[in-house]
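Only one structure is covered here, and it is reproduced in the block below.
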Amino acid sequence: MATAKRARLELVSADETAPRRGGRPLAKGQQTKAAIVDAALGLAAHIGLEGLSIGAVAELTGMSKSGVFAHFGSRDELQISVVREYHRRFEEEVFYPAMREPRGLPRLRALFANWMRRTSAEIDSGCIYISGAVEFDDRPGPVREALAESVNIWQAAMVRAIVQAREEGHLRADIDEQQVAFNIHGLILALHYEARFLRRPGAIERALAGFDDVLARYGASSTG
């Protein structure tokens, strides 16, 4: 998918900053499609991607089914559009702001802090990446591919930040960057489970403490 490939280039290039968004205003058809995707994303956050259908989105937006169908052509394309929009917002809220920080540990800390903020804000609604993985983990097809590609893009960015922290001497030279990324990702998954499903207080503080433990384990000062 060309859009996903372009996103990978933007996200993995860790020294880039967010591209400027501007230029000519969207055409009416594009505005309508963007509004549909926005509504569908809000719905998917609460009921999951699997719950999305042309009919459900038509009812939510007050449009006819044929009107929604004209913009997407299939339920899969609607779901994929939602995944891409979620990914775009994730980039803008988590990745691009962190790129303004110096390479190494400051950037890695910013990535995790931004990720934590977004995850915390999604406690009451849900994370498309997490819920989508549950819904589509054993279901091959274009929606699963779009989800997996988006997650892989983000994980590649995190691994790159870890490698840069090692290159800057902020982490030990012998670290396995994949293992560090795995441990960090595990903290986010645990936070989502503890805070959203079990409703346990203090989950955010435990995740932050866990991140400091990961850095200390791999040779970085907890205040670095």
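The values are calculated or read from the model by the stated rules, or taken from the named source; none is laboratory data. Because the structure is a prediction, the values reported are computed rather than measured. Note: ideal-geometry Cβ built from the backbone for every residue, glycine included; neighbour counts use all protein chains shown. Please note that ligands, DNA and RNA were not included when accessible areas were found on the heavy atoms of the full protein model with its side chains. Shrake-Rupley method; radii C 1.70, N 1.55, O 1.52, S 1.80 Å.
Structure data summary
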read-out	value
Helix 2-12 vs. the chain, principal-axis angle (Cα, 0 to 90°, nearest 10)	20 degrees
Prolate/oblate/rounded call for region 120-161, Cα gyration tensor, a/c under 1.5 rounded	oblate
Largest to smallest accessible area among Lys33, Lys65, Lys28 [probe 1.4 Å]	Lys28, Lys65, Lys33
Net length gained if the chain between Ala27 and Asp124 were fully extended (0.36 nm per residue, minus Cα distance)	31.5 nm
Rounded percent of accessible protein surface that carbon and sulfur make up, the chain, 1.4 Å probe	53 percent
Farthest toward positive dipole pole in the chain [+1 Lys/Arg, -1 Asp/Glu at C-beta], among His46, Tyr193, Asn183	His46
Rg to Rh, two decimals, where the chain supplies the alpha carbon set and Rh follows Kirkwood	1.00
Simple label model, 7 Å out from Cα along Cβ direction - Ala190 to Arg89, nm	2.8 nm
Cα gyration tensor, region 125-224 - rounded (a/c under 1.5), prolate or oblate	oblate
For the chain, calculated [θ]222 nm from helices alone, where every DSSP H run of n ≥ 4 adds -39500 (n - 2.57)	-21000 deg cm²/dmol
Accessible solvent surface per residue of the chain, calculated while the other protein chains remain in place, 1.4 angstrom probe, Å²	52 Å²
Difference of contour (0.36 nm per residue) and Cα-Cα distance, Arg139 to Arg117	4.9 nm
Relative contact order (%) - criterion: Cα under 8 Å, at least six apart; region: the chain	22 percent
Residue-span extension gain [Glu50 to Glu77] - 0.36 nm each, minus C-alpha spacing	8.5 nm
Simple label model, 7 Å out from Cα along Cβ direction - Ala216 to Asp174, nm	2.1 nm
Simple Cβ-charge dipole of the chain, Lys/Arg +1 and Asp/Glu -1, about Cα centre, in debye nearest 20	600 debye
